[in-house]
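Working notes, structure below.
The values are calculated or read from the model by the stated rules, or taken from the named source; none is laboratory data. Please read these numbers as outputs of a predicted model, since none were measured by experiment. Cβ placement follows ideal geometry from the backbone for every residue including glycine, while neighbour counts extend to all protein chains displayed. Each accessible area value is taken on the protein alone, full model and side chains, heavy atoms only, with ligands, DNA and RNA left out. Shrake-Rupley method; radii C 1.70, N 1.55, O 1.52, S 1.80 Å.
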Amino acid sequence: MPEQPEPSQTPPAGGADAVAPRTRPSRRPVKAVLFDFHGTLAQVEEPLDWVVKAAAACGATLDRVKATILADRLLTAGRAGGPLPARVPPRLAEHWATRDLYPHAHRAAYTGLAETVDAGIEGLAEALYERLLAAEGWVPYPDTAPTIAALREAGIRVAVVSNIGFDLRAHFDAWQLTELVDAFVLSYEVGRCKPDPGIFLRACGMLGVDPEETLMVGDSPADAGAAAAGCAVLVLPAADPGRENGLGAVLDIALPA
């Protein structure tokens, strides 16, 4: 969380020994905000929708009971944007370790994990992954567009900083948010992953701001790694797709009173 100034204390009345009031420590104004993507600006679609729509793309129709069981098994195996896998098979270990640095490794890791679940539907693993690459497979949080728009209107620069193995720009195009984002700093493009301070410093450099004038907003310890680069940090609570996640608090921190 960004450092909070200590409250002023009221000095005791009278006399030369009266204690002077404590001053509020100064903090440089925020000139840029870095946003994590998954869990901060958007969330993957509900697991049931994910499975049903991917199956439909393969020409299969699933009833709710079968889809629910299959979704639970796929979540346990490991879903991009979802929980970490319960186990990574040795044959996928290298792809898993480099998934956020190379697009081919990202695809191979997550399709490989999905293939460990016998769904009986030809091509399902690929169809599940394709949902990830489509904007319709994600749900922006309610405050995402208003928050970014308000920052840009105030002259504050905005970047999206994400550990990810595919390009997010098409998603922002679909949501009509691209023009509000000054830079996309994606791990597979810059060769560094959060919490490495280097990815945050790269973002600051792309925006032309000092880290001390920058706020990083995310939802995980990896995002909090921005503190090592000199940025202030706001970590948001987890929230389901379409629910409020506290993103609007960014404006309370970044905009002048």
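List of remarks:
- Selected from ALA108, LEU74, LEU84, residue furthest toward positive end of dipole (region 45-136; charges at beta carbon): LEU84
- Probe 1.4 Å, all protein chains present, accessible-area order of VAL250, VAL52, VAL65, largest first: VAL65, VAL52, VAL250
- Counted charge near ALA222, where neighbours are those whose Cβ lies closer than 12 Å (Asp, Glu -1; Lys, Arg +1): -3
- Expressed as a whole percent, the accessible surface of region 45-136 that belongs to carbon and sulfur atoms is 54, based on a 1.4 Å probe.
- Of the GluC sites (Glu not before Pro) found in region 68-134, the ones in coil according to DSSP and having at most 16 other Cβ atoms within 10 Å of their Cβ are GLU122.
- Using a Förster distance of 35 Å, the FRET efficiency for ASP72-ARG152 (Cβ separation, nearest 0.05): 0.30
- Cα shape, region 67-146, gyration tensor, a/c 1.5 rule: oblate
- Only Cα sites of region 136-257 enter the Debye sum here, all with the same form factor; the resulting log10 I(q)/I(0) across q = 0.18 1/Å is -1.03, listed in q order.
- Size of electric dipole in the chain: Cβ of Lys, Arg +1 and of Asp, Glu -1, about Cα centre, debye, nearest 20: 320
- With a cut-off of 15 Å between beta carbons, the residues surrounding LEU74 carry a summed charge of -2, where Lys and Arg count +1 and Asp and Glu -1.
- Accessible surface, per residue, of region 99-196 when the full set of protein chains is kept, probe 1.4 Å, Å²: 42
- Here each label is just a point 7 Å from Cα along the line to Cβ, and for ASP118 and VAL65 those points are 2.0 nm apart.
- Given a 1.4 Å probe and the protein chains as shown, LYS53 ends up with an accessible area of around 100 Å².
- HIS106 accessible area, assembled protein chains, probe 1.4 Å, Å²: 10
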